[in-house]
Amino acid sequence: MSRLSNAFPADRAALVTFITAGDGDTAANLDALVAGGADVIELGMPFTDPMADGPAIQAANLRSLGAGTRTADVLAIVAGFRARHPNVPLVLMGYANTMTRPTPAGFAARAAEAGADGVIIVDIPPEEAGEVAPFTANGIDVIRLATPTTDAARLPAVLRGASGFLYYVSVAGITGLQQAAQASIEDAVARLKAATDLPVAVGFGVRTPEQAEAIARVADGVVVGSAIVELVGKHGKDAPEHVRAYIRSLKTAIEAARKEVA
Amino acid sequence: MTDTAATQTATLANSLRNLPDEHGHFGQFGGRFVAETLMPLILDLEREYRAAKADPAFKAEFDDLLEHYVGRPSPLYFAERLTEYYGGAKIYFKREELNHTGAHKINNCIGQILLARRMGKTRIIAETGAGQHGVATATVAARFGLPCVIFMGAKDVERQKPNVFRMKLLGAEVHPVTSGAETLKDAMNEALRDWVANVHDTFYIIGTAAGPHPYPELVRDFQSVIGIEAREQIQKAEGRLPDLLIAAVGGGSNAIGLFHPFLDDKDVAMIGVEAAGHGIETGQHAASLMGGAPGILHGNRTYLLQDEDGQITEAHSISAGLDYPGIGPEHSWLHESGRVDYLPITDRQALDAFQLCCKLEGIIPALESSHALAALETKAREMGPDKIIVVNVSGRGDKDIFTVAEHLGVEL
């Protein structure tokens with residue numbers, strides 16, 4: 001159980017927002033996410049080889065690493081955020097090689113100490129679940145991904161050991177490019193919600209308030225990443241005000257959706 | 001994939017040839033570290049590969065193509081003048097450079113395209129570094145009439161123009177990759193990005209014995225034709241097994257193909273040669289085992305060049321085919337178990353061996369294979385004339401003459 005258990009209100013969808021750690025003034029951008037109304041923070045761990053990411057987040061990874069970001073810096077960003085925002089859940093998102101260093105248990109302990117509530121490790125599927133057991137042991141939620149290729153036969157394997165929320169990757173592809181058809185999202189969310197009590201958040205390709213509102217009508221959470229990362233890349237030190245205004249527009253749309261309570 | 005005494009011993013409980021386990025692990029190495037979108041597909045691939053392995057028609061078609069299209073078996077050749085030069089062990093070359101497309105890469109591509117067809121996939125993708133695997137993939141895609149996209153780092157596209165043109169002649173689309181360092185690992189990242197977006201119709205022909213399970217296993221099995229033939233050929237030539245096998249290791253498919261059928265032959269020693277670039281101590285090398293640490297990249301746990309945070313560092317080798325910051329997981333396991341010795345060879349040593357082989361044997365070896373040949377300098381000398389060494393000449397060096405000329409200060 002972590003802060004994530006209270007992050008998804010019953011009467012509306014949560015807004016889940018992603019930025020890459022070490023890209024720009026991350027602390028100020030994180031504060032802007034919260035000020036704009038983000039309910040859950042996903043903080044990307046920069047990696048040299050982000051093979052599931054599209055151009056926007058790839059570029060953010062390179063900017064961050066180019067600026068000299070180390071794992072210790074990312075964890076310091078988390079600790080600083082936790083001190084400023086004691087109640088806003090934060091999830092670390094990234095790839096196995098940096099998130100199991102020096103060992104899975106060692107990284108999990110450091111992440112827990114810094115105040116992370118969950119991890120999304122893109123390239124550790126349920127088949128390699130042994131790698132993530134130390135996170136659970138440290139009270140960190142292990143968030144699983146379901147995708148359009150996750151069929152009914154496979155879904156139980158994905159849900160076994162999942163906690164926090166279920167992240168539905170709405171397109172078979174990389175981050176930030178195409179968007180899924182609303183009908184396919186609705187079908188998938190219905191299917192997933194029939195199989196789990198975890199909140200279901202929908203992401204990949206979500207950019208506009210209109211899209212966010214449509215997804216918020218059916219899902220428990222709306223995940224926005226690349227569009228925010230692009231603002232950070234474009235506006236540099238002036239990014240926080242742009243980020244806050246954009247998040248506010250998404251949040252207003254989500255609140256307007258007023259999810260029907262089942 | 002001929003049935004021999006060697007393949008039968010694989011059923012023994014204490015065999016070194018039984019791995020990977022059902023999860024694709026070679027000890028702590030290997031596994032399936034991919035995004036969820038790809039998992040159903042690689043599970044399908046595994047099922048399909050098991051079915052193909054048990055299907056005599058699949059094996060018959062594979063063997064037929066290897067014989068008539070690739071030109072197998074490749075000869076085992078007694079390198080008489082090189083043997084005289086070193087004055088030690090008898091040196092044999094396994095002549096993979098005589099294969100169609102000029103290297104061992106084609107063996108694997110034939111196997112994988114047959115799997116692609118079996119799975120009903122209609123589009124082929126692959127990554128390439130120097131372009132050898134790209135050419136081999138474009139070749140089989142042409143042969144089977146499937147559209148093909150090759151991902152190649154933009155720097156490699158610039159460095160390897162002849163192979164880029166070959167691929168285009170063969171009908172492939174070459175996609176220059178401008179992300180990251182613009183070399184092989186970035187090409188692999190981009191191929192994975194394409195694959196995840198096109199899982200429904202696309203088959204990814206991985207070029208080496210690495211990646212998520214079952215790739216390391218199936219690439220090894222397709223390349224094992226090298227060792228199976230060599231075993232029969234040396235028995236015929238010398239009436240016994242060799243004392244030492246030597247092969248270059250980048251990802252490691254030519255080496256595992258030669259080694260695997262001999263793993264249970266306790267008296268056969270093996271050396272995998274890693275590219276030491278400017279020297280391990282300089283940090284500019286591609287020797288994952290000698291200069292790296294275990295980590296997770298491109299679908300498997302294996303030795304990687306990386307910093308203490310797990311960020312992948314750039315590899316360097318004069319040989320573009322060895323210029324990769326990882327190694328196949330079975331090699332990591334063979335290294336830790338001590339069954340195979342791994343030896344670093346520098347750019348300089350490889351260049352010397354390249355020239356020596358040209359002059360003494362009339363064979364222009366690939367720079368990759370030249371790393372294996374360079375190990376003879378000490379090994380052939382220290383072993384007596386009653387000993388036998390088999391070196392895998394995995395590819396021919398025509399593609400490398402521009403690189404070699406540049407290093408020798410010759411203007412073409």
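Based on the Cβ-Cβ distance of B:GLU411 and B:TYR69, what FRET efficiency does E = 1/(1 + (r/R0)^6) give at R0 = 51 Å, to the nearest 0.05? It would help to have the intermediate numbers written out before the result.
Details: r = 38 Å, r/R0 = 0.74.
Given R0 = 51 Å and the Cβ-Cβ separation, E is 0.85.
If you restrict to DSSP beta bridges whose two residues both lie in the protein assembly as shown, what percentage is antiparallel, to the nearest 5? Don't skip to the answer; put the middle values down first.
Details: 16 of 78 bridges.
Antiparallel: roughly 20 percent of the beta bridges in the protein assembly as shown.
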Links that overshoot a 22 Å alpha carbon limit, given the list B:LYS94/B:LYS121; B:LYS266/B:LYS379; B:LYS168/B:LYS359: B:LYS94/B:LYS121; B:LYS168/B:LYS359
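To the nearest 0.05, how large is the calculated FRET efficiency for B:ASP307 and B:GLN28 if R₀ is 22 Å and r is the Cβ-Cβ distance?
Values: r = 21 Å, r/R0 = 0.94.
Computed FRET efficiency for B:ASP307 and B:GLN28: 0.60.
Would you mind counting up the charge near A:THR69? Only other residues with Cβ under 13 Å from its Cβ, with Lys and Arg at +1 and Asp and Glu at -1. Show your work: numbers first, answer last.
On the way: positive: A:ARG63, A:ARG70; negative: A:ASP23, A:ASP25, A:ASP73, B:ASP307, B:ASP309.
After counting each charged neighbour, the total is -3.
Subtracting the Cα-Cα distance from 0.36 nm times the residue separation, let me have the gained length for A:ALA27 to A:ARG191 in nm, one decimal.
Values: separation 164, 0.36 × 164 = 59.04 nm, distance 3.73 nm.
Gain on extension, A:ALA27 to A:ARG191, equals 55.3 nm.
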Averaged over A:100-110, number of beta-carbon atoms from partner chains that fall within 10 Å: 2
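What does the C-alpha gyration tensor say about the overall shape of chain A? Classify as rounded when a/c is under 1.5, otherwise prolate if a/b is larger than b/c, or oblate.
On the way: a/c = 1.42, a/b = 1.09, b/c = 1.30.
In terms of gyration-tensor shape, rounded.
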Packing-based exposure ordering (other Cβ within 10 Å, fewest first) of B:GLU97, A:GLU42: B:GLU97, A:GLU42
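When B:LEU412, B:LEU115 are ordered from fewest to most other Cβ atoms inside 10 Å of their Cβ, what list results? Intermediate values should be presented prior to the final figure.
On the way: B:LEU412 6, B:LEU115 21.
Least crowded to most crowded, the residues run B:LEU412, B:LEU115.
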Mean Cβ count within 10 Å, highest first, over the residues of peptides A:146-157, B:166-177: B:166-177, A:146-157
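Order by neighbour count: A:SER163, B:SER253, B:SER74, fewest other Cβ atoms within 10 Å first, most last.
Details: A:SER163 19, B:SER253 29, B:SER74 24.
Placing the least packed residue first, the sequence is A:SER163, B:SER74, B:SER253.
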Top positive-direction residue, dipole computed over segment A:14-261 with Cβ charges, set A:GLY139, A:ALA96, A:VAL232: A:VAL232
Global geometry of chain B, whether rounded, prolate or oblate, following the gyration tensor of its Cα atoms and the 1.5 cut on a/c: rounded
Other protein chain Cβ atoms within 10 Å, averaged over every residue that makes up B:301-308: 2
Partners for A:LYS251 among lysines (Cα-Cα distance below 28 Å; same-chain residues under 8 apart left out): A:LYS193, A:LYS234, A:LYS237, A:LYS259
Charge dipole of chain B about the Cα centre (unit charges at C-beta), most positive-ward option of B:PRO162, B:THR282, B:ASN107: B:ASN107
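Can you work out the FRET efficiency for the pair B:PHE144 and A:THR103, with r the C-beta to C-beta distance and R0 = 41 Å, to the nearest 0.05? Present the calculation step by step, with values, prior to reporting the outcome.
Values: r = 45 Å, r/R0 = 1.09.
Efficiency computed from Cβ-Cβ geometry: 0.35.
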Separation between Cα centres of segment A:18-49 and segment B:76-149, rounded to whole Å: 46
For residues of A:46-57, the mean tally of beta carbons on other chains within 10 Å: 6
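Only the coordinates and a few stated rules stand behind these numbers; no lab work does. Here the structure is a predicted model, which is why all the values come from computation and not from measurement. Neighbour counts are summed over all protein chains in view; Cβ atoms, including those assigned to glycine, are modelled from backbone coordinates with ideal geometry.
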